[in-house]
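Contents: one structure, followed by commentary.
The values are calculated or read from the model by the stated rules, or taken from the named source; none is laboratory data. Computed from a predicted model, the values in this text were never measured in an experiment. Using ideal geometry, Cβ is built from the backbone for each residue, glycine included, and neighbour counts are taken over all protein chains shown. Heads up: the accessible areas ignore ligands, DNA and RNA and are worked out on the full protein's heavy atoms, side chains in. Shrake-Rupley method; radii C 1.70, N 1.55, O 1.52, S 1.80 Å.
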Amino acid sequence: MWFLITTILLVLPIMMRAMGQCFVRVRPQSKRCRIYYRTERSMKNDTTTRFAHQVCGKFYMWAGKWSLLITIGLSIAFFRLPIASYETACGIWLMCETVLLLFGVPLTERALSHRFGRNLI
């Protein structure tokens, strides 16, 4: 059971790293791309789209790396806990990872407003 829960916990940081690399390396050719940072502010022109992809991608790569290291450390540290306690600790950490994932949107929007002005919309 420990291995299954740890594997589930590792999925989110790995996906964050993969999304970050896609955002940084791949230039979206159209607005119909599979992985595309879509907000009203970022889709104004090509420059804002590229900037939003760079900012969000770099944050996801950074957050994914640290989240992966912390997840591995917590999994090893809590290995000896009873399974109910381990499940609770992993549930709390999964919520923290989700908040970290969602934090990329306001961070990117703030960077867009600082770079291109608040009246971009």
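Values for this structure:
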quantity	calculated
Hits in the range 10-42 (condition: farther than 14 Å from Y60 by Cα, open to solvent by less than 60 Å² (accessible area, probe 1.4 Å) and without any contact (Cβ under 8 Å) to a residue 40 or more places away in the chain)	P28, S30, C33
Residues that are polar (S, T, N, Q) and surrounded by 12 or more Cβ atoms within 10 Å (Cβ to Cβ), drawn from the range 77-111	T88, T108
Test result for L69, in contact (Cβ under 8 Å) with a residue 60 or more places away in the chain, outside any loop (DSSP other than H, G, I, E, B), under 19 Å from the mean Cα position of the chain (by Cα) and under 15 Å from L9 (Cα atoms)	no
Qualifying position, being within 15 Å of V11 (Cα to Cα) and touching a Lys or Arg at 6+ places or on another chain (Cβ under 6 Å), among G91, G64	G64
Qualifying residue in the range 20-36 (condition: in contact with a helix residue (DSSP H, G or I) (Cβ under 9 Å, 6 or more places away or on another chain) and among the hydroxyl-bearing types (S, T, Y))	yes
Qualifying residue in the range 44-63 (condition: outside any helix (DSSP H, G or I), in contact with a Leu (Cβ under 8 Å, 6 or more places away or on another chain) and surrounded by 14 or more Cβ atoms within 10 Å (Cβ to Cβ))	yes
